[in-house]
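**Q** I have a structure here, written as structure tokens, and I will follow up with some questions on it.
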Amino acid sequence: MDIQHLQKFVTLGQVVKHKTKAKRRSVPDRLSSLLYMKKKRCLYGGRFDGVVLMWKRKADISQDERPSSRFSGHKGEVTRLCCDWEENLLFSASADRTIKVWDPWVGNDRRACVQTLAGHGGTVTGIEYADNFLFSSSTDCSVIIWSKETGRDFLLYPWYVKAQKFDNAGCWVNTIAFSPNTMNGLGTLYAGDAKGRIFAYKPHAIGGGKVEWIQGEHPARVMEHGVSRLLAVSQENLLILLGYDYTMRTFDSQTMDQVLCLENPNRCRYLHVGWNGEKQEVVLLDDKGELSVVNLVLEHTVKTMDLLSNIVVSSDLSFVEGNDEILVAKEDSIDSYYVVRNLQYQDFQGHEGPVVAIKVWSRTSTSEEKIITAGLDNTVRVWDATDMIC
């Protein structure tokens, strides 16, 4: 397995103009959240200054599309992004205590914001959309469930209202994740707080097509130093947790029994997590900029890549279709990486000293290729590119 750099989406200069190229970016310009919308094949990035940016590859832009590329309105950091795949709506959570609903395809940046949800008394730390509900968590120690208001079927956009609010016993709710239930169409909402506890909220039908959410009686304390990020994998009945104790842990979502605990060898916190269901792999990004691929079947790390420069605490990662393309938000860009699998390597002996130069020679008329190598053994060798015979 190898991880190769594919493409860079530069944010520098699109919104902020600097006097000199050497000038370092200020904090408000940095990216703080990331989301890839698969249905529309577009990428969204939220920034510290409250601006949301959008990118599309040229090959993915159709002639009749006039998408907006910049959404302004938040007065604080954009902490999380999610979307409604059916309505093609984008939701952004912010440190300004609000959630905004956007229509990126209206073609007018000023009309892109279709609703602002105010109900939290602190930074909105997480948002999830599922089953026609919008879920949010906050540093005001609460979880809010928003539902679509009835009687507005003829409106262009759905209108969200506060359906229920749960207080979390005086502790910040750092993260939420929704796990759909494919059996009955409903699912479970999970929330992780600063005390290392996991709360579960389950829906119950109360008649008339309405649903009431019930909080579990006894939250499970699974971490000593708090949960920083939570990911639900419904197909495997797994909860993947990142903690402030430098670990990644997986739990059975039904029994809350721990399945795996992986401590970061870099002795720093894992910031973000992604899941590749086809390969049973967890992708992790830590505070030092190292990207790790962990196979849950083998229960160990199968590949790491040091991304090094300008990874910041607020960076994020997302996936493109197939889950083998990974998007990582850095300080001044979004970089695309591709996981290359089934690579085979073979050693060829010949030089008696270090190889200092390699050159590929090809002849177009015959498709013949040769590899020329030079070594410190004072020899130059010509190899057949097909069977590597000198």
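The values are calculated or read from the model by the stated rules, or taken from the named source; none is laboratory data. Quick caveat: nothing in here was measured; it's all calculated off a predicted structure. When we count neighbours, we look across all protein chains shown, and the Cβ atoms used for this are built from the backbone with ideal geometry, even at glycine. What goes into the accessible areas is simple: the full protein's heavy atoms, side chains included, and nothing from ligands, DNA or RNA. Shrake-Rupley method; radii C 1.70, N 1.55, O 1.52, S 1.80 Å.
**Q** Would you say ARG41 is within 19 Å of the chain's Cα centre (by Cα) and either under 27 Å from ASP131 (Cβ atoms) or modelled with pLDDT of 85 or more (or both)? Even if it seems obvious, please write down each step before you answer.
**A** On the way: within 19 Å of the chain's Cα centre (by Cα): yes; either under 27 Å from ASP131 (Cβ atoms) or modelled with pLDDT of 85 or more (or both): yes.
The answer is yes for ARG41.
Let's see how each residue does on (1) open to solvent by less than 30 Å² (accessible area, probe 1.4 Å); (2) modelled with pLDDT under 70; (3) not polar (S, T, N, Q):
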| position | (1), (2), (3) |
| --- | --- |
| ASP316 | yes, yes, yes |
| ASN323 | no, yes, no |
| VAL328 | yes, no, yes |
| ASP332 | no, yes, yes |
| ASP335 | yes, no, yes |
| PRO354 | no, no, yes |
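**Q** Would you pick out the residues in the stretch 216-229 that are under 19 Å from CYS268 (Cβ atoms) and either part of a strand (DSSP E or B) or touching a strand residue (DSSP E or B) at 6+ places or on another chain (Cβ under 7 Å) (or both)?
**A** MET223, HIS225, GLY226, VAL227, SER228, ARG229
**Q** Given the criterion under 20 Å from LYS195 (Cβ atoms) and free of Cβ contacts under 8 Å to residues at least 24 places away in the same chain, identify the matching residue among ASP245, ASP252.
**A** ASP245
**Q** Give the residues of the stretch 131-168 that are modelled with pLDDT under 90, within 16 Å of LEU186 (Cα to Cα) and surrounded by 15 or more Cβ atoms within 10 Å (Cβ to Cβ), sorted by residue number.
**A** If the condition is that a residue be modelled with pLDDT under 90, within 16 Å of LEU186 (Cα to Cα) and surrounded by 15 or more Cβ atoms within 10 Å (Cβ to Cβ), then ASP131 is the only one that fits.
**Q** For TYR244, only one of the following conditions fails: (1) out of contact with any Lys or Arg (no Cβ under 8 Å at 6 or more places or on another chain); (2) under 24 Å from THR79 (Cα atoms); (3) among the hydroxyl-bearing types (Ser, Thr, Tyr); (4) open to solvent by 10 Å² or more (accessible area, probe 1.4 Å). What is its number?
**A** If we test TYR244 against (1) out of contact with any Lys or Arg (no Cβ under 8 Å at 6 or more places or on another chain); (2) under 24 Å from THR79 (Cα atoms); (3) among the hydroxyl-bearing types (Ser, Thr, Tyr); (4) open to solvent by 10 Å² or more (accessible area, probe 1.4 Å), just (1) comes out false.
**Q** Please specify each residue of the stretch 107-121 satisfying the condition of being free of Cβ contacts under 8 Å to residues at least 40 places away in the same chain and more than 17 Å from TRP159 (Cα to Cα). Walk me through how you get there before you give the answer.
**A** Residues of the stretch 107-121 free of Cβ contacts under 8 Å to residues at least 40 places away in the same chain: 110-111, 118, 120-121.
Within the stretch 107-121, ARG110, HIS120, GLY121 qualify.
**Q** So, ARG267, is that one in a strand (DSSP E or B) and among the charged types (D, E, K, R) or not?
**A** no
**Q** Has the stretch 275-289 got at least one residue that is of a type in the set (D, E, K, R), without any contact (Cβ under 8 Å) to a residue 12 or more places away in the chain and out of contact with any helix residue (DSSP H, G or I) (no Cβ under 7 Å at 6 or more places or on another chain)? Even if it seems obvious, please write down each step before you answer.
**A** Taking the stretch 275-289 and keeping what is of a type in the set (D, E, K, R), we get 278-279, 281, 286-288.
From what's left, without any contact (Cβ under 8 Å) to a residue 12 or more places away in the chain: none.
No - not one qualifying residue is present in the stretch 275-289.
**Q** Confirm whether LEU284 is assigned by the TED database to the domain that holds SER336, open to solvent by less than 10 Å² (accessible area, probe 1.4 Å), hydrophobic (A, V, I, L, M, F, W, C) and under 14 Å from ALA220 (Cβ atoms).
**A** no
**Q** Could you list all residues from the stretch 180-210 that are at pLDDT 80 or above, under 15 Å from ASN237 (Cβ atoms) and open to solvent by 60 Å² or more (accessible area, probe 1.4 Å)?
**A** Within the stretch 180-210, PRO180, LYS202 qualify.
**Q** Within the stretch 156-170, is there a residue that is closer than 30 Å to GLU263 by Cβ, in contact with a Leu (Cβ under 9 Å, 6 or more places away or on another chain) and hydroxyl-bearing (Ser, Thr, Tyr)? Even if it seems obvious, please write down each step before you answer.
**A** Quick first cut of the stretch 156-170, residues closer than 30 Å to GLU263 by Cβ only: 168-170.
Remaining after also requiring in contact with a Leu (Cβ under 9 Å, 6 or more places away or on another chain): none.
Checked the stretch 156-170: no residue is closer than 30 Å to GLU263 by Cβ, in contact with a Leu (Cβ under 9 Å, 6 or more places away or on another chain) and hydroxyl-bearing (Ser, Thr, Tyr).
**Q** Starting from residues that are modelled with pLDDT under 85 and open to solvent by less than 20 Å² (accessible area, probe 1.4 Å), keep the ones in the stretch 287-311 and report whichever is farthest from THR79 (Cα to Cα).
**A** So the residue we want is LEU307.
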